[in-house]
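Written out below as structure tokens is the structure these notes cover.
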Amino acid sequence: MNSKIQRRGIKPKFSFSQILSLSMGFMGIQFGYALQNANASRILQTFGANIEQLSWFWLAAPITGMIIQPIIGHYSDHTWTRFGRRRPYFLAGAILASIALVLMPNAGVFASVLPAMFIGAGFLMIMDASFNVAMEPFRALVADMLPVDQSTLGFSIQTFLIGIGAVMGSWLPYVLAEWFGISKAALHGGIPDNVVFSFYIGAAVMIATILWTVFTTKEYSPEEMASFSPNAEPAEKEIIRFSDIFRDIMAMPKTMKQLGLVQFFTWIALFGMWVFTTPAVAQHVYGLAVTDVKSPLYQDAGNWVGIIFGVYNAVAMVYALFLPTVAHFVGRKLTHCLSLTAGSVGLLSIYFVSNPTTLIFSMIGVGMAWGSILSMPYAILAPALPVRKMGIYMGIFNIFITMPQIVNGLFGGMIVKRLFGSQAIYALIMSGCFLLIAAICILWVDDKQNSKSAI
């Protein structure tokens with residue numbers, strides 16, 4: 001490391017290929033996450049969950065994330081091993097998530113112990129906990145390694161790789177069935193082979209990409225990190241106290257609090273979309289009844305939802321590459337506002353769709369929102385955070401993501417069943433309205449680096 005650069009408190013710039021390697025593991029995490037998002041609802045419905053229960057089972061994701069990410073962030077801030085401080089965490093998370101990916105579609109094997117529905121929900125919880133262990137350190141790693149003027153670029157490239165992983169994960173069941181002839185039939189009430197093999201492949205991809213980042217990225221030592229902070233004190237051994245997490249929550253920066261409101265409406269919308277898109281498309285577009293969850297046409301609807309989820313992730317992947325340029329001209333807040341508005345329009349338009357192919361156009365707007373959601377809030381947040389508390393605050397920030405999902409999970413299913421007569425399309429309409437509210441809220445956020453140079 002160049003000592004002259006360190007004395008000036010400036011992090012060296014990364015090349016495009018170095019930033020790609022830095023976030024390569026996130027592509028694998030998102031591969032597995034996309035498989036879960038597109039297929040968990042139909043897996044649980046196949047095992048016996050009804051539409052009201054779906055959102056309850058999906059509560060595993062935000063609850064585990066809310067608990068685990070701040071803890072992982074706090075301890076990764078104060079951990080240093082010969083493998084680094086972030087890398088041990090996302091490697092352990094990837095291994096556990098891969099095991100859960102293999103086990104979840106095989107939950108029926110354990111039916112002699114508990115109903116398959118509860119075994120599947122248990123593996124979903126383990127999978128989500130593991131994803132959360134892996135994801136938070138990756139966010140912090142980008143903020144750790146990149147100089148401020150590359151932060152938006154870094155998170156945009158991370159979003160690009162997330163998009164690649166999500167497209168592959170979302171499309172894989174359809175590709176295995178339609179291109180390679182692997183059975184998509186739910187024989188004997190079980191999970192179709194194309195879904196099972198997709199989860200196996202997802203586990204392998206996750207491990208491979210995480211190892212790529214582990215072996216190609218060298219983290220800065222605590223002393224080097226301290227030298228990059230203008231007001232840094234000499235690095236010293238710190239006593240790790242769990243109570244520090246609560247102290248840091250009370251002292252969170254103003255920008256983070258303002259972004260919290262934006263994140264609340266954003267993620268209550270996304271949770272509704274992930275949980276209810278499959279039943280909404282099956283009912284509203286394919287014309288199926290609520291009870292047709294094991295029919296071949298329902299499996300077709302589920303496979304097509306994987307395709308359109310891949311579409312919005314593909315749009316996000318490409319759109320993310322243009323975000324730094326757009327933010328350069330109009331600012332990060334307006335960029336995020338326009339993107340969220342596009343997502344709102346996309347979700348609301350599904351109500352007027354009767355042809356499955358037309359859903360692709362709806363997903364273009366959703367993809368623009370998703371691309372911005374994965375990068376802009378973090379690009380706005382990172383410059384407002386203390387350098388030595390990057391991990392804990394990235395973890396705390398996840399509370400603003402998980403809490404709205406918990407709210408939706410507790411009440412979303414009941415609202416759909418009792419207020420909307422189990423017509424899941426209205427959950428997507430609510431999600432579209434929530435995204436529009438988030439788009440308005442972002443305009444009041446204080447962006448510390450909202451200049452044309454901070455891209």
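Suppose R0 equals 30 Å. What FRET efficiency, 1/(1 + (r/R0)^6) with r the Cβ-Cβ distance, do S183 and I99 give to the nearest 0.05?
0.75
Using the Karplus equation 6.51 cos²θ - 1.76 cosθ + 1.60 (θ = phi - 60°), what ³J(HN,Hα) coupling, rounded to whole Hz, does each residue of the range 140-150 give in order, writing x for Gly and Pro?
5, 4, 4, 5, 4, 8, 9, x, 4, 6, 10
How far, in nm, would the chain grow between F361 and S15 when pulled straight, counting 0.36 nm per residue and subtracting the alpha carbon separation?
Result for the pair: 121.1 nm of gain on full extension.
Want the number for E224 to D149: 0.36 nm per residue separation, take away the alpha-carbon distance, what's left?
Taking E224 through D149 to full extension adds about 25.1 nm, to one decimal.
What label, among [x] 64, 52, 40; [y] 66, 45, 41; [z] 86, 64, 41, belongs to Cα extents along the principal axes in Å computed from the structure on display?
Only one option fits the structure, namely [y].
How do 256-266, 132-142 rank on mean C-beta neighbours within 10 Å, highest first?
Values: 256-266: 21.7, 132-142: 26.9.
Taking the mean over residues of other Cβ atoms within 10 Å, the ranking is 132-142, 256-266.
Could the peptides 269-279, 422-432 be put in order, highest first, of the mean number of other beta-carbon atoms found within 10 Å of their residues?
Per-residue Cβ counts within 10 Å, averaged per peptide and sorted highest first, yield 269-279, 422-432.
Give the shape of the range 337-455 as rounded, prolate or oblate, defined through the alpha-carbon gyration tensor: a ≥ b ≥ c are the square roots of its eigenvalues, a/c under 1.5 means rounded, and otherwise the shape is prolate if a/b is larger than b/c and oblate if not.
Oblate shape, in that a/c is at least 1.5 and b/c is the bigger or equal ratio.
Would you calculate a helix-derived [θ] at 222 nm for the chain, using -39,500 (n - 2.57) for each DSSP H run of n ≥ 4 and dividing by the full residue count, to the nearest 500?
Rounded to the nearest 500, the figure is -23500 deg cm²/dmol.
What residues qualify as long-range amide H neighbours of G84, i.e. H under 5 Å apart, gap of 5 or more or another chain, H built at 1.01 Å from N?
It is none; the list stays empty.
Give, as ranges by residue number, the residues of the range 25-54 whose backbone N falls under 20 Å from the point 7 Å along Cα→Cβ of I415.
What the label zone holds, given the 20 Å backbone N cut-off, is 41, 50-54.
For the range 75-111 and the range 353-387, what is the centre-to-centre distance using only Cα atoms, to the nearest Å?
26 Å
According to a simple spin-label model (label point 7 Å from Cα along Cα-to-Cβ), what is the distance in nm between F329 and K294?
Modelled inter-label distance: 5.5 nm.
What are the ³J(HN,Hα) values, in whole Hz, obtained from phi via the Karplus relation 6.51 cos²θ - 1.76 cosθ + 1.60 with θ = phi - 60°, for each residue of the range 279-288 in sequence order, with x given for Gly and Pro?
x, 5, 5, 4, 7, 7, 9, 8, x, 8
Can you give the FRET efficiency to the nearest 0.05 for A208 and I429, using r as the Cβ-Cβ distance and R₀ = 45 Å?
Computed FRET efficiency for A208 and I429 comes out at 0.70.
Computed from the coordinates by the stated procedures, all read-outs in this text should not be read as laboratory data. These figures come from a predicted structure and were not determined experimentally. No Cβ is skipped: glycine too gets one built from the backbone with ideal geometry, and neighbour counts run over all protein chains shown.
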